[in-house]
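Structure, as structure tokens:
The values are calculated or read from the model by the stated rules, or taken from the named source; none is laboratory data. Everything quoted here is computed from the prediction, not taken from an experiment. Cβ placement follows ideal geometry from the backbone for every residue including glycine, while neighbour counts extend to all protein chains displayed. Accessible surface areas use protein heavy atoms only, side chains included; no ligands, DNA or RNA. Shrake-Rupley method; radii C 1.70, N 1.55, O 1.52, S 1.80 Å.
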Amino acid sequence: MNLQNIPTPHKTPRRTAWACALLLCLCPLAAQSQDAAKALGLFQSLLRPTQPAPASPPPNSPSGLAGALMGAALAPAGNQQAGKGGDLFQLLSQSLDQIDEPREIQIGQQLAAVLLGSKPLYPDMAMQRYVNQLGRWISLQSSRPDLPWTFAILDDPGFNAFATPGGYVFVTKGLLDRVADEGELAGILAHEITHVTARHHLIAMNKAARAGVLTQVISSQLKNDLGGLVSSQLLALGKNMYTKGLDQQDEFDADRTGVALAARAGFDPYGLVAVLQQLRTAAPDDALFALSLSTHPPAQTRLNQLEQAMGTRLDAYTGQPAVTVAQRISASNRRPTAQAPARPAKK
């Protein structure tokens, strides 16, 4: 994206704009599930508030999200679901031109099951609503506002964010605990939204499938092999992508477009810069940052790329008081305003 030609942020009054976003927020979460089939049902219930969420068993406690992803098991869901997983894998093995938007959304739902089968949803309803409101507002400013955008918090202490095709975005509780303000969270969400709008995950899975780069799924990791929610091949592609990461160029593109998207939504474009400054100082052996660091280019390289792309072109969109996530959630009217924090000092 040419940051010199970034559109001016919407002039809609902030309270009115966020009120519109509130109308799009999802119903409160009702139950948590460690079983992927039930987790997907819960996730889909967010999109269909009139349907009850399934009951959930007590969640397990894997030692880390990377390990949980590699060991994620899918519960039996019948041959029909397995067939769908196989069909989707065949599409990914051929041409992206054959994947229309409904199929893209279906693939995203299947991969959401992998993530939800790795960690449960965080049980705080106010935080879940808040992240949905914020994410849905930013997604409305993107190039694909009509996707069924859905945002959720995973109950994991690590500093991570994930997206799947079709508009499903996850952040971890550990990430929320470590962002300094709303502008930083907005920058992260805008980065993940850009991955979706650019179809980066589909491109990565297509490359892996066509090259035959598939991790062999150990039968003991599946409760019913191809009788599971998705085919073993599609599951392997998903695990491979989330534990190895996307192409570096895709990450750079998501950074550049993400800062522009955050500014278009009314937030400080330097929020993502502040996040990268924090990642730059994280120790490589810190388990809380290990997955994020291993699946992305070095933070300093990302900062250098952003500095070249941004220059001073977005400085006019900075300078408003910072609002922390805790302040926003505790607001009595539950209608946050899209205030942008002051530009963080460059280091």
Quiz item: If you keep only loop residues by DSSP, which trypsin sites (Lys or Arg not before Pro) in the range 148-202 have at most 13 other Cβ atoms within 10 Å of their Cβ?
Solution: none
Quiz item: To the nearest 0.05, what FRET efficiency results for Ser93 and Met125 with a Förster distance of 30 Å applied to their C-beta separation?
Solution: 0.15
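Probe radius 1.4 Å, ligands and nucleic acids left out: which of Asp181, Asp285 has the largest accessible area, and how do the rest follow?
Working: Asp181 20, Asp285 135 Å².
Solvent-accessible surface, decreasing: Asp285, Asp181.
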Self-check item: Gain in span if fully extended, Arg210 to Asp286, counting 0.36 nm per residue against the direct Cα distance
Solution: 23.9 nm
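How large a share of the accessible area of the range 115-191, in percent, is made up of carbon and sulfur atoms when the probe is 1.4 Å and the other protein chains stay in place?
Values: 760 of 1560 Å².
The C+S portion of the solvent-accessible surface of the range 115-191 is 49 percent.
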Quiz item: What is the extension gain from Thr324 to Glu101, computed as 0.36 nm multiplied by their sequence separation minus the C-alpha to C-alpha distance, in nm to one decimal?
Solution: 76.7 nm
Practice problem: Can you find, among Phe162, Met125, Leu147, the residue farthest towards the positive end of the dipole of the range 117-169? Put +1 on the C-beta of Lys and Arg, -1 on that of Asp and Glu. | Solution: Leu147
